[in-house]
Ligand SMILES: Cc1cc2nc3c(=O)[nH]c(=O)nc-3n(C[C@H](O)[C@H](O)[C@H](O)COP(=O)(O)OP(=O)(O)OC[C@H]3O[C@@H](n4cnc5c(N)ncnc54)[C@H](O)[C@@H]3O)c2cc1C
Ligand SMILES: Cc1ncc(C[n+]2csc(CCOP(=O)(O)OP(=O)(O)O)c2C)c(N)n1
Ligand code: SF4
Ligand code: SF4
Ligand code: SF4
Ligand SMILES: [Mg+2]
């Protein structure tokens, strides 16, 4: 072909060689083109990255597979698949921070991600009993005893992973109920108690020795009890305070997380009509919505910054505003105004933000305002606190008084002591707490067997063709242009009447059927065999999103620019094949926008492209190694 | 054939042309040809050419005969006019349509069977008349649609899928076209869009008959070892005589030429074709020399490609026939049908 520097294939035959005459150099292997190495798609992490949601999920939940199971009405199977990686599908289907959704490919294709989280809830709501499918717990224990401190999702996950291996787990919780912040801080209108209790019971019923109302007051003393390992999952229990004039002149100023806990334990059941919530993160969103349900009629969230810098997610802001909460930007708190012991209001500076000489954002006050109120809730963050860990026992603390914990093993500087969840590196979320729990369980299992903690079980992958017939695949490859299904809520008045009324109704069967079809099946991979390609261009011509190119190899920056559509999303990988047989060019695929429609494979005459399901095999404690890659 | 419709999802950063259309707006329905057929690549090249030429879809007329190649008008520019003629008779329909409305853009799609066997006479007369159209001959050396019989373009010694050897000498469409006085003669390969797309664009801009022979492998019946119209054979034996750059009117000429002579030909509509000679002493405006050179290349067993001959001064059918300026539909009724008085006046000539 013109301008190609490729050598002719050896069987070319009896005629003269046009390339010779054009003076093109003839080389072997990679041709004359310097450039990228062929992509190793047999590394489980390559196709893992293509599954954007699974890659973004700290626990690597197999989202496309559970969505297909839901589509088939196999809710229980979908639930169990979720449970394997994220342990609390019912809880997370309502409350997860959903890092998967902003990552979802569908957002890049039509602007809105698949409602991954809400589909998880469908699986949890519609499943049958799963008791008989939970792991079996050996009657004969393995003789190892583990202490878990704190009854939140992190510790519960460690127990979930270790109990089936025969460990004896003793869980210490200072409160009289398990769940951690999921119980005390996530309000019942977002997470009904029965859902929380059932999923916690799945774990505790494995035979965990739960000791409620038992705060650990000395780690040293605990270690002396002879545990083989200790896991610290105590969260970040201290709500930040706001030291301003008037702070202690009234009892109507509340620390957000403590206030929510008091509501959860029904110690508080009312609030004044005018409520100011300070801060605009996740806690603030729960506080303002709780206030609305406890009698607050005029509830305002006061933010120092502008909307684009809010910590709360868009959907949380929408939910709050949907419940007539007002969110005020650019109000910096200045003073609590208390007269005769009665809270009258709060003074704020209205500020404007600018960049100083060093590029730092700074606030410039413009004017002062007084906003009257009856209660103030402070929701400006949480701190860790470890007063019960003796500082002379070999656990190193850093300059912020946080334990030094290894990111890979969850172990602190004292062997056998592990941290996870909010206790490890400050407040995160449930799904991170779960992942920390899985990793800590692997470490504890290694630790107890004398295996170095760094020798972690590897990821594996199964890769299986989905071809059923000439144009028939075992998945629905037809792109469905439906837009994202909105969530329906209990009618506002009814919703605000009681704090125990779950606000979201969840998807019904029709909504579910529609939303599942939006998933692009990103785990059904376009798998390429360079030796089969005859360079007919059929795949390139048919691809609706211009993902494919056959071109001369080159360095990545250059190659990305030379594709059918430039591959400008650097967060997404490009696949580069081995040299193609006829011209020694390479097949390049930009993974960014592929909708996994399979048309490239359907239009390929030689099955050089095939649609194969990649199944990520995730390591957990007790799984030795995964079987070697199975491909069909 | 594929059952699902092509996803409506589009690349968010796709380019738009002067009409605000995307390349995908020039597509048609999903192809029913065999996966990997060269004809589908020609379709894709046409889509790209129409897009880049800012062609208004409703101004396009797609015409074809019978064959897999002749099915392809269904797969591009769905908003265009179309006529699927009987086998080999597309040029007649094109002549008639063009006579009636000279303002539209005529694109004929044919195959080596359609054009060189049953329709050879039709093709010759279309060339002779210099009908203003782009005529593509999607050449795969076989009758694809009827399951792979040798066509009139099959080379001597070329082997069929079942092992039969062809003994009849081929008709070389390019030489025929040159010999008959065609004003735009090109050959290209479905697997080389870098070459094909500029040629198609120049062909669309050409006023007169623009003939493009495109080697377009039949992946099902003629892509095996021993075929001289396979992907592999074409890749190793195609010899680009001239490289062509097409610079449409309105666009700045930015191409830089490092080596070799550059020969520029201005088209009727003001756009420019740049020829970059690869072969020594090749002149794409000298018919005799072109024929000779092509014959030499063919003797070596190679396939000469490129925009081989261009003559931009030629009058087309309307010039020869001295027809009215515009499309017949735009003629006022009185002019179109001047009445029985005028007829009587005319008939006096033969009294
Ligand atoms: C208001 C609010 C809303 C939130 N909403 C969400 C949400 O919607 N989605 C989400 O993913 N995340 C949310 N989070 C964050 C999430 O709840 C936490 O990240 C998660 O619960 C952390 O889990 P953990 O196991 O590390 O600790 P925690 O859940 O904090 O549990 C720690 C447990 O340890 C106990 N404990 C503490 N000290 C001791 C001790 N010395 N001895 C014994 N027991 C002790 C505590 O009583 C507590 O039960 C929210 C947080 C808050 C504050
Ligand atoms: C009058 C007539 N004679 C014969 C046929 C049978 N026939 C159908 S397609 C075809 C040949 C098509 O060959 P070609 O033009 O090369 O198209 P391809 O399928 O190879 O693209 C023939 C002979 C016909 N349809 N009509
Ligand atoms: S599956 Fe193939 S044809 Fe479909 S979008 Fe992905 S690369 Fe393109
Ligand atoms: S369709 Fe198949 S053979 Fe043709 S270029 Fe694509 S991968 Fe290669
Ligand atoms: S038979 Fe040949 S020409 Fe016809 S569609 Fe199939 S590959 Fe193309
Ligand atoms: Mg043919």
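Candidates in region B:9-37 are the residues that are assigned to a helix (DSSP H, G or I) and either out of contact with any strand residue (DSSP E or B) (no Cβ under 7 Å at 6 or more places or on another chain) or at the interface with chain A (Cβ under 7 Å from one of its Cβ atoms) (or both); of these, the one that is surrounded by the fewest Cβ atoms within 10 Å (Cβ to Cβ) is B:24.
Just give me the residues in region B:76-87 being away from ligand 2 (no atom under 13 Å from the Cβ) and either part of a loop (DSSP other than H, G, I, E, B) or within 14 Å of chain A (Cβ to nearest Cβ) (or both), in sequence order. Outline the logic, then answer.
Of region B:76-87, the ones away from ligand 2 (no atom under 13 Å from the Cβ) are B:76-83.
Within region B:76-87, B:76, B:77, B:78, B:79, B:80 qualify.
Selection of region A:132-166 for residues being part of a helix (DSSP H, G or I), over 20 Å from the mean Cα position of the chain (by Cα) and touching a residue at least 24 places away in the same chain (Cβ under 8 Å) yields A:133, A:159, A:162, A:163, A:164, A:165.
When residues in region A:308-342 are screened for being outside any helix (DSSP H, G or I) and free of Cβ contacts under 8 Å to residues at least 12 places away in the same chain, 2 of them pass. Return yes or no: is residue B:69 buried (at least 19 other Cβ atoms within 10 Å of the Cβ) and under 19 Å from residue A:537 (Cα atoms)? Judged against the criteria, residue B:69 is a match. Here residue B:90 fulfils each of the conditions (1) touching a residue at least 40 places away in the same chain (Cβ under 8 Å); (2) crowded, with 24+ Cβ neighbours inside 10 Å; (3) under 16 Å from the mean Cα position of the chain (by Cα); (4) within 16 Å of ligand 6 (Cβ to nearest atom) apart from (1). Is it the case that residue A:565 is at pLDDT below 95 and surrounded by fewer than 22 Cβ atoms within 10 Å (Cβ to Cβ)? Against the criterion (at pLDDT below 95 and surrounded by fewer than 22 Cβ atoms within 10 Å (Cβ to Cβ)), residue A:565 qualifies.
Take the conditions more than 14 Å from every other protein chain (Cβ to nearest Cβ) and away from ligand 6 (no atom under 16 Å from the Cβ) and apply them to residue B:44. Does it pass? Walk me through how you get there before you give the answer.
Working: more than 14 Å from every other protein chain (Cβ to nearest Cβ): no; away from ligand 6 (no atom under 16 Å from the Cβ): yes.
Spelling it out, it is not the case that residue B:44 is more than 14 Å from every other protein chain (Cβ to nearest Cβ) and away from ligand 6 (no atom under 16 Å from the Cβ).
Does region A:539-558 contain at least one residue that is within 25 Å of residue A:109 (Cα to Cα), without any contact (Cβ under 8 Å) to a residue 12 or more places away in the chain, within 14 Å of another protein chain (Cβ to nearest Cβ) and surrounded by fewer than 21 Cβ atoms within 10 Å (Cβ to Cβ)? No, region A:539-558 has no match at all.
Quick grid of which residues meet (1) within 16 Å of ligand 4 (Cβ to nearest atom); (2) in the same structural domain as residue A:596 (by TED's automatic domain parsing); (3) more than 25 Å from residue A:593 (Cα to Cα):
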{"residue": "A:496", "(1), (2), (3)": "no, no, yes"}
{"residue": "A:505", "(1), (2), (3)": "no, no, yes"}
{"residue": "A:509", "(1), (2), (3)": "no, no, yes"}
{"residue": "A:512", "(1), (2), (3)": "no, no, no"}
{"residue": "A:541", "(1), (2), (3)": "yes, yes, no"}
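Conditions (1) touching a strand residue (DSSP E or B) at 6+ places or on another chain (Cβ under 7 Å); (2) more than 14 Å from chain A (Cβ to nearest Cβ), marked per residue:
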| residue | (1), (2) |
| --- | --- |
| B:7 | no, no |
| B:59 | yes, yes |
| B:89 | no, yes |
| B:92 | no, yes |
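Filtered by the rule that a residue be more than 15 Å from ligand 5 (Cβ to nearest atom) and under 15 Å from the mean Cα position of the chain (by Cα), region B:133-171 gives B:133, B:134, B:135. Looking at this structure, is residue B:206 more than 29 Å from residue B:313 (Cα to Cα) and either crowded, with 24+ Cβ neighbours inside 10 Å or within 14 Å of chain A (Cβ to nearest Cβ) (or both)? No.
Among the residues of region A:78-100, are any more than 29 Å from residue A:419 (Cα to Cα) and crowded, with 23+ Cβ neighbours inside 10 Å? There is at least one residue in region A:78-100 that is more than 29 Å from residue A:419 (Cα to Cα) and crowded, with 23+ Cβ neighbours inside 10 Å.
Every residue, every condition in (1) part of a helix (DSSP H, G or I); (2) modelled with pLDDT of 90 or more; (3) within 14 Å of chain A (Cβ to nearest Cβ), yes or no:
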residue	(1), (2), (3)
B:279	no, no, yes
B:289	yes, yes, no
B:297	yes, yes, yes
B:304	no, yes, yes
B:308	no, yes, no
B:312	no, no, no
B:344	yes, yes, no
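Applying a threshold of 8 Å to beta carbon distances and a minimum spacing of six or more residues, or different chains, the list of pairs starting in region A:213-233 at a residue that is within 14 Å of chain B (Cβ to nearest Cβ) and ending at one that is within 16 Å of ligand 4 (Cβ to nearest atom) and at pLDDT 95 or above is empty. Of all residues in region A:578-617, those that are more than 10 Å from every other protein chain (Cβ to nearest Cβ) and under 18 Å from residue B:235 (Cα atoms) total 6.
So that you can scan it fast, the table gives a plain yes or no per residue for (1) more than 16 Å from ligand 2 (Cβ to nearest atom); (2) in contact (Cβ under 8 Å) with a residue 60 or more places away in the chain; (3) part of a loop (DSSP other than H, G, I, E, B):
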position	(1), (2), (3)
B:103	yes, yes, yes
B:108	no, no, no
B:114	no, no, no
B:131	yes, yes, yes
B:156	yes, no, yes
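For region A:397-420, name all the residues that are surrounded by 13 or more Cβ atoms within 10 Å (Cβ to Cβ) and within 17 Å of residue A:621 (Cα to Cα). Result: A:409, A:410, A:411, A:416, A:417, A:418, A:419, A:420.
From the list B:148, B:119, pick out the single residue that is away from ligand 3 (no atom under 16 Å from the Cβ), more than 14 Å from chain A (Cβ to nearest Cβ), under 23 Å from residue B:184 (Cβ atoms) and modelled with pLDDT of 95 or more.
On the way: B:148 fails: under 23 Å from residue B:184 (Cβ atoms).
The conditions single out B:119.
The values are calculated or read from the model by the stated rules, or taken from the named source; none is laboratory data. Nothing here was measured: the structure is a model prediction, and the numbers come from that model. Virtual Cβ from ideal backbone geometry, glycine too; neighbours counted across all protein chains shown.
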